[in-house]
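One structure below.
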Amino acid sequence: MPKVSEEFLLARREEIIDACAQLYETMNFKDITLKEIGKVTSFNRTSIYNYFDTKEEIFLALMQREYEAWSAELGELVVSHDRMTRDELAKALAHSLEGRERLLKLLSMNHFDMEENSRYENLVEFKKAYGASIKAVERCLDKFCTEMTAAEKKEFLYAYFPFMYGIYPYAVVTDKQKKAMAEAGVDFVYYSIYELTYNCLKKLLAK
């Protein structure tokens with residue numbers, strides 16, 4: 001690859017991630033290939049290998065970006081409020097995830113594959129973003145739940161973050177799934193991402 005600026009490399013990398021995000025709106029993970037991603041970028045599939053080795057690395061970068069955006073939103077929450085009740089914090093955190101459907105979908109669908117089929121250095125960068133999101137939530141607890149002990153905060157984090165992996169499949173249910181559950185006699189009640197998250201947080205933050 002000829003020598004180019006760091007800004008150019010970052011812009012091309014972001015274009016690939018944007019293309020992946022665009023396809024993920026209407027296609028499933030297994031059907032999205034580097035060839036398909038190449039079709040919606042300004043360069044071909046071969047050029048993608050200058051930035052990513054596998055499609056899983058692209059998806060991991062997309063999830064990293066989602067975590068970074070969520071952390072930034074939580075940072076704004078801390079800065080913009082002097083105080084919040086526990087219920088207000090539960091509602092605010094639930095609203096923050098309500099707009100992160102793509103993150104929740106990525107978490108629930110192919111998280112293991114993305115990590116397993118990415119280079120170690122890419123995984124480290126992703127884990128930094130993931131770790132930053134944990135710290136962002138912890139800062140919310142530090143500011144708005146001052147009476148919580150360190151142990152209680154750890155218990156909260158280890159309950160809340162694993163819970164996030166299961167939100168999407170419960171909140172986003174296809175007509176086919178609904179029909180199958182009805183025929184199987186499963187009494188399924190639909191809840192939105194916000195409702196599921198708020199109900200969980202309300203219990204986790206209860207005194």
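If you put +1 on each Lys and Arg Cβ and -1 on each Asp and Glu Cβ, how big is the dipole of region 1-46 around its Cα centre, in Debye rounded to 20?
Roughly 280 debye, rounded to the nearest 20.
Charges only on Cβ, +1 for Lys and Arg, -1 for Asp and Glu: so what's the dipole of the chain about the Cα centre, in debye to the nearest 20?
In total the dipole reaches around 140 debye.
Quick one: which residues, 5+ away or cross-chain, put their amide H under 5 Å from the amide H of PHE43? H built at 1.01 Å from N.
Long-range HN contacts for PHE43: none found.
Percent of alpha carbon pairs in region 57-204 separated by more than 20 Å?
Result: 53 percent of Cα pairs exceed 20 Å.
Counting pairs of alpha carbon atoms under 8 Å apart in space and at least six apart in sequence, what relative contact order in percent does region 42-182 give?
Relative contact order, region 42-182: 37 percent.
What value, in deg cm²/dmol to 500, does the helix sum -39500 (n - 2.57) over DSSP H runs of n ≥ 4 give at 222 nm once divided by the residues of the chain?
Taking each H run of at least 4 residues, the total per residue is -22500 deg cm²/dmol.
If we count every other residue with Cβ under 9 angstrom of LEU60's Cβ, Lys/Arg +1 and Asp/Glu -1, where does the sum land?
Computed value for this residue: -4.
Taking θ = phi - 60°, what integer Hz values does the Karplus form 6.51 cos²θ - 1.76 cosθ + 1.60 yield along region 142-147, in sequence order, with x for Gly and Pro?
Each residue's phi maps through the Karplus curve to give 4, 7, 9, 10, 5, 7 Hz.
Ratio of alpha-carbon Rg to the 2.2 N^0.38 Å globular estimate for region 1-96, to two decimals, please.
So the Cα radius of gyration is 1.43 times the expected 2.2 N^0.38 Å.
Show which lysines lie in cross-link reach of LYS202 when reach means a straight Cα distance below 26 angstrom and same-chain residues fewer than eight apart are skipped.
The qualifying lysines are LYS91, LYS105, LYS135, LYS143, LYS153, LYS154.
May I ask for the angle, rounded to the nearest 10°, between helix 6-24 and the longest principal axis of the chain, with both axes built from Cα atoms and the value confined to 0 to 90°?
70 degrees
Helix 150-164 against the longest principal axis of the chain: what's the angle in degrees, Cα atoms only, rounded to the nearest 10?
50 degrees
Read the figures in this text as sums done on the coordinates, not as results from a lab. Since the structure is predicted, the reported quantities are computational estimates derived from the model, not experimental observations. In this analysis, Cβ positions are derived from the backbone assuming ideal geometry, glycine residues included, and neighbour counts consider all displayed protein chains.
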